[in-house]
Amino acid sequence: MVEPDKDAPGQYLDELASAAVEYFRTHPVPKDLPRCDEIERLKFDANQFAHFLLGQPRIQQRLAELVDYTPNRWLLTQEISEIRARRKIHKIHKRPDVEFSHADDPYEWARSTKLQGICFSGGGIRSATFNLGVLQGLAKMGALDHFDYLSSVSGGGYIHEWLAAWIKREEQEQQRLAPVATPPKTYTPGMGFREVQKRLVPLPSDKDSPAHPEPIRWLRRYSNYLTPQKGLFTADTWVAIAIWLRNTFLNQLILFSFLFSLLLIPNLAAQPITKATPVWSIFVAGILYLFAVLIMAIALRREYKRIRFLDKHPEAEQKAEEPKMFGGEWTVQILVVTPLLLASVLHLSFVLRLPDQVSTKGAICM
């Protein structure tokens, strides 16, 4: 058995390098491209170029965008042959079967052939139950084989893999039973999928209806996989309650510890503030207020200059420049909010000490 070469670029990098070589025959290498000098030296040697791209994800990304050969485009190109073969197996004639070559645009092919997919969202066992109903509804309509893709996450992935496993086992079962059937049948790919689609159709709810298929009964039997033993006084139920209480307590402990540590900060800053004279407190507070207002005005002015071209309705590809100085979220948080907070504390300390000063002066006058 030959071990795969870990230093081999791979099919995508080989094709990206070939696309880049074709691009650089008619276009110069951009000077802002990372390591542009090495790219300039290797730009006509696809093999060396592919090895150079290995382990250079930033250069790969910039190059893929430059020559319009992203991983998504490459992946769709690889999948088109599988999609066409699947449509032939399921005899889907309502959508056109368009020939595809490597030089064609895969996105245009997907649009012209009406590529379709279905997505299952997450949400635990509730999502899995809902998605099972969606599959049964599509099976009842005879439309389950019309979709080219099935994408899922979390609870949707639970029902997705259950369906994929059932189809795979049913294909193997149909292939095994076809020769010994009466009369014997010839197995063709897709027989297992059609059997699954037929058995997915919801059964009537009357008492004389036949039993549900074993895969669906298995799914329902193990839907409570977090607490397999049912009942209030079973060990599984109390273990689940204990785990929930433990995790909730630990999360709240971290949160409250952080909040209490924030409440301690004013106590640490209270001593130097209370020792300061009232005149000094109000003077520093005024400077901080003016500083925050000045920075806010500068930030607003720079933000307006940055985005004012949007009033002219630019092209969708045009984007505003990123703020470099006195702009953005950090500027507001550090140079506006923080000075205003400090100024408010100093101002409050001045206001709270006014009654003491008035009473002291009154006592002196008396």
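The values are calculated or read from the model by the stated rules, or taken from the named source; none is laboratory data. For clarity, every value in this text was computed on a predicted model and none was experimentally measured. We place every Cβ from the backbone using ideal geometry, glycine too, and count neighbours over all the protein chains shown. To get the accessible areas, we keep the full protein, side chains included, count just its heavy atoms, and leave off ligands, DNA and RNA. Shrake-Rupley method; radii C 1.70, N 1.55, O 1.52, S 1.80 Å.
Pick out the one residue from Asp97, Asp104 that is of a type in the set (D, E, K, R) and more than 30 Å from Gly137 (Cα to Cα). Reasoning before the result, please.
Numbers: Asp97 fails: more than 30 Å from Gly137 (Cα to Cα).
Unique residue meeting the criteria: Asp104.
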- [ ] Go through segment 54-94 and count every residue that is touching a helix residue (DSSP H, G or I) at 6+ places or on another chain (Cβ under 7 Å) and within 30 Å of Gly192 (Cα to Cα).
- [x] 5
- [ ] Evaluate the following for Ile216: is it modelled with pLDDT under 90 and part of a helix (DSSP H, G or I)?
- [x] yes
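Residues checked against (1) aliphatic (A, V, I, L, M); (2) more than 30 Å from Glu22 (Cβ to Cβ):
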| site | (1), (2) |
| --- | --- |
| Ala64 | yes, no |
| Trp74 | no, no |
| Ile83 | yes, no |
| Arg87 | no, yes |
| Val98 | yes, no |
| Leu135 | yes, yes |
- [ ] Any residue in segment 148-163 that's farther than 10 Å from Ser121 by Cα: show its pairings with residues that are open to solvent by 70 Å² or more (accessible area, probe 1.4 Å) at Cβ separation under 6 Å, as long as the two are six or more apart or on different chains.
- [x] Asp148/Gln116
Task: helices (runs of 4 or more DSSP H) enclosed by segment 271-366 - at least 3 residues per element that are open to solvent by 50 Å² or more (accessible area, probe 1.4 Å) and modelled with pLDDT of 80 or more - done: 278-307, 338-352
Open item on the list: Which pairs turn up if I take residues in segment 108-126 that are on the phi > 0 side of the Ramachandran plot and look for partners that are open to solvent by less than 30 Å² (accessible area, probe 1.4 Å) with beta carbon separation below 9 Å, at least 6 apart in sequence or on another chain?
Closed with: Lys114/Arg95; Gly123/Gly155; Gly123/Gly156; Gly124/Gly155
TODO: With the checklist (1) without any contact (Cβ under 8 Å) to a residue 24 or more places away in the chain; (2) within 25 Å of Ile80 (Cβ to Cβ) in hand, flag the one item Gly133 doesn't pass.
DONE: (2)
- [ ] Inspect all residues belonging to segment 153-176 and state whether any of them is modelled with pLDDT of 90 or more and in a strand (DSSP E or B).
- [x] no
TODO: Tell me which residues, restricted to segment 171-200, are closer than 22 Å to Thr129 by Cβ and either surrounded by 14 or more Cβ atoms within 10 Å (Cβ to Cβ) or acidic (Asp, Glu) (or both).
DONE: Val196, Gln197, Arg199, Leu200
